[in-house]
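Visitor: Following this message is one structure expressed as structure tokens.
The values are calculated or read from the model by the stated rules, or taken from the named source; none is laboratory data. Nothing here was measured: the structure is a model prediction, and the numbers come from that model. Ideal geometry is used to build each Cβ from the backbone, glycine not excepted, and the neighbour counts take in all protein chains shown.
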Amino acid sequence: MKLGRVIGRVTLSKTIPAFTGGRWLIVSPFTRGHYQQGRQPPSGLSKDPSPVVFDNLGGGMGDTIGYVEGREASMPFDQPTPVDAINAAIMDEVFYSPLP
Amino acid sequence: MYLARVEGTAIATKKHPSLNGWRLLICQPLDAEGKAFGAPQVAIDPHGAGLHQMVIISSDGAATRQAVRDPKSPARWMVTAIVDKAGRATAAPKKSAS
């Protein structure tokens, strides 16, 4: 699960049935040099590309979320769904102290 | 599975129910020389690894789903072991005196 800051949302008009009722968040992913410490996410955008993440936890703009990528992202769905990034947690606080 | 170093923890109250009660450790994957590579991954930790401790993290979602006992959990990364010593064999293996 990677962490990232929600920087936008996507609204789909025509989708496959499995996506109905889904919310989509655009996330700026944290990297080693651009990571949250404490309660506030770092300002500015990350240099990594921003994925669109499926969300049913209610992540809002500016929230820090933990999103899972890969096949595991489609596990919570009842029928097979082509989702490869899902919001698994909304972070309250992050304690991060990397060794140099 | 990656060799990784624990570099932090994350606290989340609103999350997928299968993650309730699990420690979320921020683990930085390390390469063979012990240098960081890639983005830090948040893994669930059943072993109580400490800060800056070396661990092994696994991306096998099937094993993680069994650990959290929820076949529909999106959890993927998990700390599977705490490393005592990690070193690369540099010298050629000594010939046994046979």
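Visitor: Search the range A:59-98 for residues being at the interface with another protein chain (Cβ under 9 Å from one of its Cβ atoms), under 11 Å from the mean Cα position of the chain (by Cα) and part of a loop (DSSP other than H, G, I, E, B), and hand back the single one that is farthest from B:Q41 (Cα to Cα).
Guide: Among those residues, the one meeting the criterion is A:G59.
Visitor: Which condition breaks for B:T80 when tested against (1) within 12 Å of chain A (Cβ to nearest Cβ); (2) crowded, with 16+ Cβ neighbours inside 10 Å; (3) out of contact with any Leu (no Cβ under 8 Å at 6 or more places or on another chain); (4) closer than 16 Å to A:M1 by Cβ?
Guide: Of (1) within 12 Å of chain A (Cβ to nearest Cβ); (2) crowded, with 16+ Cβ neighbours inside 10 Å; (3) out of contact with any Leu (no Cβ under 8 Å at 6 or more places or on another chain); (4) closer than 16 Å to A:M1 by Cβ, only one is false for B:T80: (1).
Visitor: Could you please find all residues in the range A:1-35 being farther than 24 Å from B:A75 by Cα and of a type in the set (S, T, N, Q)?
Guide: Within the range A:1-35, A:T11, A:S13, A:T15 meet the criteria.
Visitor: Right, another one. Can you name the strands (runs of 3 or more DSSP E) wholly within chain B that have at least 3 residues being closer than 27 Å to A:D63 by Cα, among the aliphatic types (A, V, I, L, M) and touching a residue at least 40 places away in the same chain (Cβ under 8 Å)? It would help to see each step written out before you state the result.
Guide: Values: elements: B:2-11, B:23-29, B:41-45, B:54-58, B:78-82.
Ranges flagged: none.
Visitor: Go over the candidates B:P46, B:P71, B:P40 one by one and state the one that is within 14 Å of another protein chain (Cβ to nearest Cβ), at pLDDT 95 or above, out of contact with any Leu (no Cβ under 9 Å at 6 or more places or on another chain) and under 30 Å from A:V83 (Cβ atoms). Working first, answer last.
Guide: Values: B:P46 fails: within 14 Å of another protein chain (Cβ to nearest Cβ); B:P40 fails: out of contact with any Leu (no Cβ under 9 Å at 6 or more places or on another chain).
None of the others qualify; the one that does is B:P71.
Visitor: Which residues, counting only those in the range A:42-54, are within 11 Å of another protein chain (Cβ to nearest Cβ), out of contact with any helix residue (DSSP H, G or I) (no Cβ under 9 Å at 6 or more places or on another chain) and buried (at least 17 other Cβ atoms within 10 Å of the Cβ)?
Guide: Of everything in the range A:42-54, just one residue is within 11 Å of another protein chain (Cβ to nearest Cβ), out of contact with any helix residue (DSSP H, G or I) (no Cβ under 9 Å at 6 or more places or on another chain) and buried (at least 17 other Cβ atoms within 10 Å of the Cβ), namely A:S46.
Visitor: Still on this structure, I have one more. State whether the residues of the range B:76-93 include one that is of a type outside the set (S, T, Y) and more than 30 Å from A:P100 (Cβ to Cβ).
Guide: Here is the first cut: in the range B:76-93, the ones of a type outside the set (S, T, Y) are B:76-79, B:81-89, B:91-93.
Those still in the list that are more than 30 Å from A:P100 (Cβ to Cβ) too: B:92-93.
There is at least one residue in the range B:76-93 that is of a type outside the set (S, T, Y) and more than 30 Å from A:P100 (Cβ to Cβ).
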